[in-house]
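The values are calculated or read from the model by the stated rules, or taken from the named source; none is laboratory data. Remember, predicted model here, so these are calculated numbers, not experimental data. Virtual Cβ from ideal backbone geometry, glycine too; neighbours counted across all protein chains shown. All accessible areas refer to the heavy atoms of the entire protein, side chains included, with ligands and DNA or RNA removed. Shrake-Rupley method; radii C 1.70, N 1.55, O 1.52, S 1.80 Å.
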Amino acid sequence: SQTIHQWPATLVQPVGSPLSLECTVEGTSNPNLYWYRQAAGRGLQLLFYSVGIGQISSEVPQNLSASRPQDRQFILSSKKLLLSDSGFYLCAWSVSKNIQYFGAGTRLSVL
Amino acid sequence: DQQVKQNSPSLSVQEGRISILNCDYTNSMFDYFLWYKKYPAEGPTFLISISSIKDKNEDGRFTVFLNKSAKHLSLHIVPSQPGDSAVYFCAASANYGGSQGNLIFGKGTKLSVKP
């Protein structure tokens, strides 16, 4: 069966520090991969998606970047965090255009 | 411009009664709709979905109804249980042509089921 791993679960970082969140999927090949952010009191905002290795599409301009170095690995990064980057970050995968399956999420607090 | 709207931020229901969560959308190209359930500090869990060629899909206690003319869908939970207390997200996708078919989410409705 397919599983998705996302870490760390929580992270507290100072403003201006770098960020690296990792997501890996097991049990499937060539999945579509997604990064979402849920800010307090808001819905799920799609940040990036990837249909293959090295293929990244950005949905919103921001301080973050994404990379897909391997088929089942998706990384969310920032060189310098801003206060506004705080939120709940979710990785998801799908093998069709419709149903997406989510990881447990990372709570990022930028102080 | 919100394409998927959940106008009720919260809903409180008595255990055993029906919970009805509503969702409206504006994009007539949406052809697939989903409901997700989310507990605090966890990722959303897929619940149930419906294609635009149907008007109803049922899975156990959960039923989703789609009214395309009104651009409205609803999730019915019968009977409601305390464990159903969570935030419910409505999502929609458009799968026409070269569209990526990414999901567009509503802001969620927090359901509280009281014993």
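In the complete set of protein chains, residue-level accessible area for B:ILE53 is approximately 140 Å², probe 1.4 angstrom. Projecting label points 7 angstrom from Cα along Cα→Cβ for B:SER28 and A:ARG107 puts them 4.4 nm apart.
Between B:PHE46 and B:SER12, the simple spin-label model (points 7 angstrom out along Cα→Cβ) gives 3.5 nm.
Distance between the C-alpha centres of the range A:21-93 and the range B:65-92: 27 Å, rounded to the whole angstrom. Placing a pseudo-label 7 Å from each Cα along the Cα-to-Cβ vector at A:HIS5 and A:ASN30 gives an inter-label distance of 2.5 nm.
Apolar share of the accessible surface for chain B: 49 percent from carbon plus sulfur atoms, 1.4 Å probe. Only beta bridges with both residues in chain A are counted; by DSSP, about 90 percent of them are antiparallel.
In the context of the full protein assembly, B:LEU103 retains an accessible surface of approximately 10 Å², using a probe radius of 1.4 Å and ignoring ligands and nucleic acids. Principal axis extents of the Cα atoms in chain A, from largest to smallest and rounded to whole angstrom, are 38, 26, 22.
Can you give the mean number of other chain Cβ atoms that lie within 10 Å of the Cβ atoms in peptide B:34-44?
Values: counts 3, 0, 5, 0, 6, 0, 1, 6, 6, 15, 10.
The per-residue average across the peptide is 5.
Using a 1.4 angstrom probe on protein heavy atoms only, the contact between B and A buries about 1700 square angstrom of accessible area, both sides summed. Among the listed pairs B:LYS38/B:LYS110; B:LYS37/B:LYS71; B:LYS68/B:LYS110; B:LYS54/B:LYS110, those with a Cα-Cα distance over 18 Å are B:LYS37/B:LYS71; B:LYS68/B:LYS110; B:LYS54/B:LYS110. Highest mobility in the GNM of chain B, judged by mean-square fluctuation with C-alpha springs under 10 Å and restricted to B:ASP24, B:ASP84, B:ASP55, is found for B:ASP55.
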